[in-house]
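Student: Please see the structure below; I have some questions.
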Amino acid sequence: MRNFLWIRCKMAYRILLELGWWRSIFVIGLLVFGLSKFLALQNFHAVLAVNLLIIFPLHLTRNDKAFLAQTPLYSPVLFIAEYLLLSSLFLIYFLANQAFIHFFILLACIFFLSFLKISLRIRQMQSFSFALIPARIFEWRAGLRVSWLFLLLMYLLALVFYAHESVLILCWILLIAFFSTFYLQAEGRILLQLAQVSPHAFLFGKVKDYLVLSIIFLSPVFILFFINHIQFWLVGIILLMLSLLTPFFVVFQKYASWQVHISLQQNMILHLLFLVSFALPFLLPVSIFLLVRAYRRAIRNMSYFK
């Protein structure tokens, strides 16, 4: 078991190397900052829900179960060790705040999941074709076919904990970030040339499609928020503005760094930076700078490739 966990540590180290030291430091700092602010809310229901949202999809979609079944290792014990390690900070948080009920609920869920043999493979998750989404918005079709389970979990979380404004805010922000991941893969040049419009018209056509779909899929969460927590209307307005501006930045940034069929995973760092800088007033000029820079680069890049 020790060797298996050591392999996991090496995998995490390789991911940090791929990101680069400066990006890794930024991502870790951002996570620490966001986690500290989140834990400061003292909402035990939300903390428990977030922890379960991390380990539940991970267990259902992990593809090493068949491999572990062929080894002498007892896989449930390995799963328990991994999930306890992932949840250690939250477990300590519950103990430090004497939230013993949440502590034991989390432990029970970890043990239950570790012995659960149900798996959702990618092919199974792609059974929904989302044919109602126009073919030109292929980013959303592909993204939802692969990750519809996360969307469903967000809706369930919002519905179950609708009385807690922090949970609804968390779901709202996670969905904004989730939708932006649909734009982390560059398509072929032929799809750009088929549009037969100027770079400006092409970009804003993409933004319009993104806006329409994001409003549709975000509407259950912000309706629940405004119905049950109208006293936090200012927070709702800020999140609504973020929901409307994020599509502009995500689309602009995608085509600012677009090349034929390349992965744009590095853009996720900028997506998160945009979200954070927009949410914090003193960093608002950063978000404006990022938006303008992405647009200029996208126009120049599209003019070159079209």
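The values are calculated or read from the model by the stated rules, or taken from the named source; none is laboratory data. Quick caveat: nothing in here was measured; it's all calculated off a predicted structure. In this analysis, Cβ positions are derived from the backbone assuming ideal geometry, glycine residues included, and neighbour counts consider all displayed protein chains. Note: accessible area is taken over every heavy atom of the protein model, side chains too, but ligands, DNA and RNA are not part of it. Shrake-Rupley method; radii C 1.70, N 1.55, O 1.52, S 1.80 Å.
Student: Quick one: go through segment 133-177 and flag any residue whose amide nitrogen is under 13 Å from the point 7 Å out along the Cα-to-Cβ line of Ile227.
Tutor: Answer for segment 133-177: 158-163.
Student: Moving on to the next point. What nm distance separates the two modelled labels at Leu156 and Tyr304, each placed 7 Å from Cα along Cα→Cβ?
Tutor: Distance between the two pseudo-spin positions: 4.6 nm.
Student: Related question: In whole angstrom, how far apart do the alpha carbon centroids of segment 233-280 and segment 142-168 sit?
Tutor: First find each Cα centre; the distance between them is then 20 Å.
Student: Further, regarding this structure: Going by average Cβ neighbours within 10 Å, how do the peptides 85-91, 246-252 rank, with the highest at the top?
Tutor: Ranked by mean Cβ neighbours within 10 Å, highest first: 246-252, 85-91.
Student: Tell me the carbon and sulfur percent of the accessible area for segment 138-304, rounded to whole percent, probe radius 1.4 Å.
Tutor: Ligands and nucleic acids excluded, carbon and sulfur reach 73 percent.
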